[in-house]
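The structure appears right after this line, and notes come after that.
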Amino acid sequence: MPADAKLAGFQRDFAAYLLHGDPAVAGALRPDLPAGRLAVYRNTVMGSLAAVLGHAHPTLRRVLGSRLGEQPFTALACRFAAEAPPRLPMLWSYGAGFADWLADLEPAAEIPAWAPDLARLDWAMHEALFAADAEPLDLARLAAIPPDQAGSLRLAPHPSLRLVRSGWNIHALWKDAAATPAPLPEAVLIGRVPGDGDECGAGEVRCTRLTAADGALAAGLLAGATLNEATADGATAGADLQSLLALLLQNRLLAGFALDRPPSLTGREGNDP
Amino acid sequence: MAAAAPSTLPRPVPVAAGVGLREPHREAFVAAGGSIPWPIPWIEIHPENYLVPGGPRLAGILRVRRDMAVSCHGVGLSLGSAGGLDPDHLMRLRALYDRLEPGLISEHLSWSVTDATYLNDLLPLPYTEDSLDRVRRNIDHAQDAFGRRILVENPAACLAFADSAIPEAEFLAELAARTGCGLLLDVNNLYVSSVNLGFDPSVWLDAIPAEAVGELHLAGHARMTLGGEELLIDDHGSAVGEPVMALCAEVLDRIGPRPVLIEWDNDLPPLDGLLAEAGRAQRLLDARMRQVQTPAKIVEVHRAG
């Protein structure tokens, strides 16, 4: 298809200009119009992608901005956009790789060491807002489990539930504009708490700080370990299973559970989502 | 899992002024519930913003849809892509349209996807026979996938290409004739392009088949100076300018009343400000609706006067 091939080549050249400033496409312009007008399109694309990344990473943008000014975030966002432009036309989904990209930057000293984790926290909150809806776990079903079987419970998290573990005080940096970055092993549990109305999709995203031990326990549970398996992990020494379960249940961040045992004759013990 | 939305019948977009619903105003619309206190009977959304797995944004638009007609104005399908349309994106849009049953669906005469990269702008096409054939096939593909007719919008341009051989309005008219698609006439885009590229919007309008036009758009634009020359930028960041309102009046006089949408995306005003803009558009429409619907006896009154 030579006709489409010519148009495809033009579009490839235009894209190379928008993302990298490669001027090859200027040769296709009507000669009476200034080629400088191409810059309007490049500024729109790069500026709006930086704005999209900033919108999805408000904490990182704020904390970086308060310490270094607005320019470093914008420059990083534009570099990321040029290297990893969107693949999907839904811009709410753009930026999933930003935190890992920041973590892999060479030289690492170019950005503060806490920046990738702060980006992970922001992205987890962003994802939680758009995650699928699910009916919260019916507490009566959980209460009906015999105590001697509780250790073999596996939890099914609400689709919005996320956990970010960090060596920095990312929760304080998110919550308090006056906080300054400091090394502190901790974790943040993120989830969309259903609203009070009957609208299944309503609700707001909340963040709760966990100790590093509680974070290790939550990581095990969210990865599908039974309560017994998760608490047996050495990293969870000192973790408070009761409080963690209460937190998940009170905020309706569990969608179901399964009992890790051979199926009974009735086969009705689970509540898989 | 969330229950599937109850099946809905399409609610036609009325011949009236509507507004583009943007995120900062969503909660006010949802909170108003069934008794929308505002004089607007329809809204328009960018469907890509609602192609989300769940959460309050999607629940909100489904709620608003119960109370008023919704138009879906796509920004990511890329009708001008040389490589054809993304079948996954077509299916995502189809699923949303099946839930929302929009009264109108529109896309742009532009491109934004190449080599599976989404360039978040509505980029200009060279108007050649090759492009015309490619866009025609893409529109056929989209209308088949949606099972619905689409409207195609004229772009705002500050560039044109050396090998463009077909005037833009004729290009659009050909697309309408060959695919059965309708046209979304963006009056602000027409004005911006006519100033930036130096053509007469009245001549452009002469080539547009009036019966194909299903909707009008109005928006504000900005002025910038680039290389010593003034350029208009379609930034949707201010009230509709007087020259655009005047051109809209001319369009309505030529083609008759149509649904008119106020688009405002940057530096959003409070909701009242947006609704006031819709009021300006509604007054333009009201004046023409009276002419169109004027029954004989009112004509007699004029004669008597």
Open item on the list: What distance in nm separates the two pseudo spin-label positions at B:LEU268 and B:ASP88, each 7 Å out from Cα along the beta-carbon direction?
Closed with: 2.8 nm
- [ ] Counting only C-alpha contacts under 8 Å and six or more residues apart, can you give the relative contact order of segment B:98-256 as a whole percent?
- [x] 19 percent
Task: Vicinal HN-Hα couplings computed from phi for segment B:52-65 (Karplus, 6.51 cos²θ - 1.76 cosθ + 1.60; Hz; Gly/Pro x) - done: 10, x, x, x, x, 5, 5, 4, x, 6, 5, 5, 4, 4
Open item on the list: Tell me the net charge near B:SER106. Cut-off is 9 Å between Cβ atoms, B:SER106 excluded, with +1 for each Lys or Arg and -1 for each Asp or Glu.
Closed with: -4
TODO: Tally the DSSP beta bridges in the protein assembly as shown and give the antiparallel ones as a percent, rounded to 5.
DONE: 55 percent
TODO: Label the protein assembly as shown by shape, choosing from rounded, prolate and oblate, from the square roots a ≥ b ≥ c of the eigenvalues of the Cα gyration tensor; if a/c is under 1.5 it is rounded, and otherwise prolate applies when a/b is larger than b/c, oblate when it is not.
DONE: prolate
- [ ] Considering only DSSP beta bridges where both residues belong to segment B:17-304, give the percentage that are antiparallel (nearest 5).
- [x] 25 percent
Task: Local net charge near A:ALA230, Cβ-Cβ under 13 Å (Lys/Arg +1, Asp/Glu -1) - done: -4
Open item on the list: Give the average, rounded to an integer, of partner chain Cβ atoms located within 10 angstrom of each Cβ in A:44-52.
Closed with: 3
Task: Label-point separation, A:ALA24 to B:ALA210 (7 Å along Cα→Cβ), nm - done: 4.8 nm
Open item on the list: Can you sort B:LEU21, B:LEU184 from fewest to most other Cβ atoms within 10 Å of each residue's own Cβ?
Closed with: B:LEU21, B:LEU184
- [ ] Please arrange A:THR226, A:THR180, A:THR231 by counting, for each residue, the other beta carbons lying within 10 Å of its beta carbon, fewest first.
- [x] A:THR180, A:THR231, A:THR226
Open item on the list: Give me the inter-chain shielding for B:59-67: mean count of other chain Cβ atoms within 10 Å, whole number please.
Closed with: 2
Task: Modelled label reach - A:LEU68, point 7 Å along Cα→Cβ, segment A:86-113 residues with backbone N closer than 20 Å - done: A:95-113
TODO: Give the relative contact order (percent, whole number) for chain A; include only Cα pairs under 8 Å separated by 6+ residues.
DONE: 15 percent
Task: Relative contact order, percent, chain B [alpha-carbon distance under 8 Å, six or more residues apart] - done: 17 percent
Open item on the list: With the crude spin-label approximation of a point 7 Å out along Cα→Cβ, what separation in nm comes out for B:ALA31 versus B:PHE199?
Closed with: 4.6 nm
TODO: Estimate the FRET efficiency between B:ALA249 and B:ALA222 by the formula 1/(1 + (r/R0)^6), using the beta-carbon distance for r and 22 Å for R0, to the nearest 0.05.
DONE: 0.45
Open item on the list: Tell me the mean residue ellipticity at 222 nm calculated for chain A from its helices only (DSSP H runs of n ≥ 4, each -39500 (n - 2.57), averaged over every residue, nearest 500).
Closed with: -13500 deg cm²/dmol
TODO: Would you compute, from DSSP H runs of 4+ residues alone, the mean residue ellipticity of chain B at 222 nm, taking -39500 (n - 2.57) per run and dividing by the full residue count, rounded to the nearest 500?
DONE: -13500 deg cm²/dmol
TODO: Starting with the highest mean, order A:160-171, B:115-126, A:145-156 by the number of other Cβ atoms within 10 Å, averaged over the residues of each peptide.
DONE: A:160-171, B:115-126, A:145-156
Open item on the list: Quick check on the exposure proxy: order B:MET91, A:MET90, B:MET289 from fewest to most C-beta atoms within 10 angstrom.
Closed with: B:MET91, B:MET289, A:MET90
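Any read-out appearing in this document is the output of simple, stated calculations on the displayed coordinates, not a laboratory observation. In this text the structure is predicted, and so the values were computed from the model without any measurement. When we count neighbours, we look across all protein chains shown, and the Cβ atoms used for this are built from the backbone with ideal geometry, even at glycine.
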